[in-house]
Structure formats: C-alpha cells, structure tokens
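Inspection log for the structure reproduced underneath, given as structure tokens.
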Amino acid sequence: MHRETLRPLSLSLACVLLFCALFSLASPHSSAADFKLSGFGTLGYAWGDQNFPYLRYIDTGGSFRGDTLFGLQGDAQFNSQWSTTVQAVASAPRTRDNGVETKFRWAFVSYRPNNDWLFRVGRVRPPFFLNSQNAEVGVTYDQVRLPPEFYSFSPAYDIDGGIVTKTWSLEKSELNLDAYMGNADIKFRLFSRDTDQPMYISDSAKTQGLILSYTTGSLLLRGGANRLNIYLPDQPIPKSYDPNPIPGPSPFGGTLYLPSSSVSKFNITLLTVGADWRAADWRVTGEFAKRITQGTIIADGGWSAYATLARQIGKWTPYVTHARTLSDSDTRANYSSVNGTPVPLAVQAFPPFLSPNFHRSLADTFAASDQYSNMVGASYSFSATSKLKVEWMQTHVGLVSNTLVDGDVHNQRFNVFSVSYSMAF
C-alpha cells in the first residue's frame, strides 16, 4: 500500500533550519529581529502500592522517569507579521521504555497579516484539549499531572502540517476558530502479559480538524471535531477476531478465536468539549471526549472525561479531580470473549499446537480501557514561575486497562503518591 503520510523530517526540519539561518544573520544586538530564549522543566517522583507498572514507570520502587522533563524554546520575531518558534523537550522516550530522548515538539513559522488571522506551518500542536499546548509546562496548572485517562485519549498530538487561526474580537470576549491539517508518525504502546514486555505498533496518521474556542475574562469554552486516518503499511492488524467451533466436548473442543482479514488503514473521529471557569478563588475545569473508530475492533471507540475543582488559599491551591475512561460496549464485549475463552485442548495437542495462552495474547492487542481515578492534591506557588506539588491518586481498573497499566490487572484498586517541582524561566 502506498504510504500516504509524510515522515516527521519534512516541515519541522525545514523550520529548524530556517530558524538557524535567520538566527545566524542577525546578532543579539541587531534591530533586524527580536530573539527570546525560555525554558521550563519538572522534577517529579512518583511511587505506587502495587508491583505492576502504571504509566510505564510507577510501581512500589518509585521513579523519577514518569513526570520529569526539561524543555527549551527559542522564539524569533522578525517583524510585526513574521516569526518562528522552535521547542525541544528532553524526557523519557515515547517510543521505547528505556533511555532518554530529546525531540522537537514545536518547529514552525508564523505569519500574522493582521490581528484577525494567524498562519503556522511546520511541526505544530493543535489545541485539541484545554491544556494541549501547555501540557508539558507544569507551572501552568496545579495538578501533578494532567489526568492520564483523558490526556492520553488521542493517538496524535504533534503534527507536521499547518494551522490557520481566525479571531473575532467581541466587546468583552474573543472567539477563535482553528483549522488544521497534517501528518504524524506514531508508535502505539500495548503490553504483552505472556512476554512481560511492551509492544509498539508503528503507524502513521493523517489528521485534520476544526476547533472553536470562546474566551472571556473568567471563562474558556472549547469544542472540536477531529479526524485521524491511521495507516499501517508495514504492520497490518486484524479487522476482528472471529470465533471458530472446534468439534468435541469441552475442554477438548470449544471455541477458537482466530484473526480475520487484516487491515492496513482505519479511521478515528474525536469529538471534544471542555470548559474552564474561574470565580474569585474558585476554579472548575472539565472536559469530555468521544472517540469513534471505524475499520477494526482492535483500536477501540469509547469516551473519556474528567472534572477538577480547585480553590486558591494564599500561595496554596488544593484540588480534587475525578477522571474516567471507558471503551465502548462492543470493544469490551469482544475483549471479554477473547480473553475469557479457554483454548480448546484439541488445538493444543494437535496442529496447529497453539499455546494455552493463545487467546490471552490476542486479547492483549485490544486497546481497551475501563478505568477511573480520584486525585486529591495541592500546589504551592513560590512565584509565578515555580510550583511545588503533591498528590494522592487512587485508581480503579475494572475490566481492563491495556493502555495505562502493565500486567494482568482486572477489578483492582491501587494508589499512587506523587511529588514534583515545576519551574519556567
């Protein structure tokens, strides 16, 4: 199949090279351009009360890896219309479970012909959610980490492409419409119980969408419709797992699930809505997302949401959050059927000599989730650019949580304790 996406080298690398070239042509004392360098970082430690890893790294041994990151951003303003931005972040890798990687999150050129229009081209991050564009700048929010049940819901965030923003300035408010289109390379992570190792599925996404935001002094409303066309030219996945009857009484006979025809393309529609409201010292934030998947039962549909209530008391801001993610009923039913059906002895003792865990290995390929968390925490602001945060999170896994928990975890509750320090300069 023809690969219909661009490698992430194209537009983002071009923007980095353009930034470097323009930087070399103007000295810091030149009036030709205004250069700014800023940075941000979080040093975070988290530990759990169970041996299985949560969010890849958090278990009873504790880890700095899950929340710690450092970033640098360079901005060059060449005139009132043209500018460029490059941002690099060093953190635990997104495509493997060991080492450290540094990636360009942003690398784009901006053109603003007037106050009503803004064009950005390169590696950009559309404002999918309320905190998408500042998700790694921990000093901009009070939670230790943004709710994983919600902020891991989209398979792609940084894209190589462009965003067009139209702004309407109203009497006491502002309306923004973002239209974007681009491509992204993704490695989707699932955990194999049989090998006790993660498996990464490489795919590419062609993305496009519209996002509408309304802002007043105390209220931000945002909603979006996003489309992702996912391509797997090198690693096709089954469209479904079909039941096949094996003659004979149980446990010799029974039902054997086998992959059906493979697909190298499927589609995801992501509908989002969110609100952030401030009243005096109180703040209420909530978001909801619905995911509709077409083309395979392996990549699930479903919904995700969270709500946070916070109150500022001097330099302290305590908060409570509830977050939930749930795959659709078809995905959960298919997972339950495949995972809970014994492999007939007939196909274990005779060709094709399948493992007793064959069905379990198929079930591990489902991106299925049934999980909720309650968080209680607080941040302490030393200044506008530095915060200390502490949090206790209790998470409950129902049927399964294949994308967030490693291991054979069902109908289980566990705790995670976190402390972090975030700063910006």
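Would you point out which residue out of Ser10, Ser38, Ser63 is more than 26 Å from Tyr372 (Cα to Cα), modelled with pLDDT of 95 or more and not aromatic (Phe, Trp, Tyr)?
Matching residue, one of Ser10, Ser38, Ser63: Ser38.
Could you check segment 162-181 and list, in sequence order, the residues that are without any contact (Cβ under 8 Å) to a residue 24 or more places away in the chain and of a type in the set (A, V, I, L, M)?
Leu170 - this is the single residue of segment 162-181 that is without any contact (Cβ under 8 Å) to a residue 24 or more places away in the chain and of a type in the set (A, V, I, L, M).
Check Asp116, Asp97 and return the single one that is under 18 Å from Arg56 (Cβ atoms) and over 13 Å from the mean Cα position of the chain (by Cα).
Just one listed residue meets the conditions, Asp97.
Here is a list of conditions, (1) within 30 Å of Arg360 (Cβ to Cβ); (2) touching a strand residue (DSSP E or B) at 6+ places or on another chain (Cβ under 6 Å); (3) touching a residue at least 24 places away in the same chain (Cβ under 8 Å); (4) surrounded by 16 or more Cβ atoms within 10 Å (Cβ to Cβ), and Gln294 meets all of them except one; can you say which number that is?
(4)
Which residues, counting only those in segment 321-340, are over 30 Å from Gly377 (Cα atoms), among the polar types (S, T, N, Q) and buried (at least 19 other Cβ atoms within 10 Å of the Cβ)?
Thr331, Asn334, Asn339
Of all residues in segment 195-221, which are charged (D, E, K, R) and within 18 Å of the chain's Cα centre (by Cα)?
Those that are charged (D, E, K, R) and within 18 Å of the chain's Cα centre (by Cα): Asp203, Lys206.
I'm told Val419 meets every condition in (1) within 30 Å of Thr293 (Cβ to Cβ); (2) touching a residue at least 40 places away in the same chain (Cβ under 8 Å); (3) of a type in the set (Val, Ile, Thr); (4) part of a strand (DSSP E or B) except one. Can you identify the failing condition by its number?
(1)
If you scan segment 151-170, which residues turn out to be at pLDDT below 90 and surrounded by fewer than 21 Cβ atoms within 10 Å (Cβ to Cβ)?
Pro155, Tyr157
Tell me whether segment 341-350 contains one or more residues that are assigned to a helix (DSSP H, G or I) and either out of contact with any Phe, Trp or Tyr (no Cβ under 8 Å at 6 or more places or on another chain) or modelled with pLDDT under 95 (or both).
Within segment 341-350, one or more residues are assigned to a helix (DSSP H, G or I) and either out of contact with any Phe, Trp or Tyr (no Cβ under 8 Å at 6 or more places or on another chain) or modelled with pLDDT under 95 (or both).
State whether one or more residues within segment 108-124 are closer than 27 Å to Thr403 by Cα, at pLDDT 95 or above and among the hydroxyl-bearing types (Ser, Thr, Tyr).
No, every residue in segment 108-124 fails to be closer than 27 Å to Thr403 by Cα, at pLDDT 95 or above and among the hydroxyl-bearing types (Ser, Thr, Tyr).
Kindly indicate the residue of segment 302-340 that is assigned to a helix (DSSP H, G or I) and polar (S, T, N, Q) and also farthest from Ala363 (Cα to Cα) among those meeting that condition.
Result: Ser329.
Please enumerate the residues belonging to segment 167-208 that are outside any strand (DSSP E or B) and out of contact with any Lys or Arg (no Cβ under 9 Å at 6 or more places or on another chain).
Correct list: Leu170, Glu171, Lys172, Ser173, Thr195, Asp196.
Restrict the check to segment 379-392 and report whether at least one residue is of a type in the set (A, V, I, L, M, F, W, C), within 21 Å of the chain's Cα centre (by Cα) and part of a strand (DSSP E or B).
Checking segment 379-392: not a single residue is of a type in the set (A, V, I, L, M, F, W, C), within 21 Å of the chain's Cα centre (by Cα) and part of a strand (DSSP E or B).
Scan segment 111-126 for residues that are of a type in the set (S, T, N, Q) and either part of a loop (DSSP other than H, G, I, E, B) or touching a residue at least 60 places away in the same chain (Cβ under 8 Å) (or both) and jot them down.
Asn115
The values are calculated or read from the model by the stated rules, or taken from the named source; none is laboratory data. All of these numbers come straight from a predicted model, not from anything done at the bench. As a convention, Cβ positions derive from the backbone with ideal geometry for all residues, glycine included, and neighbour counts pool all protein chains shown.
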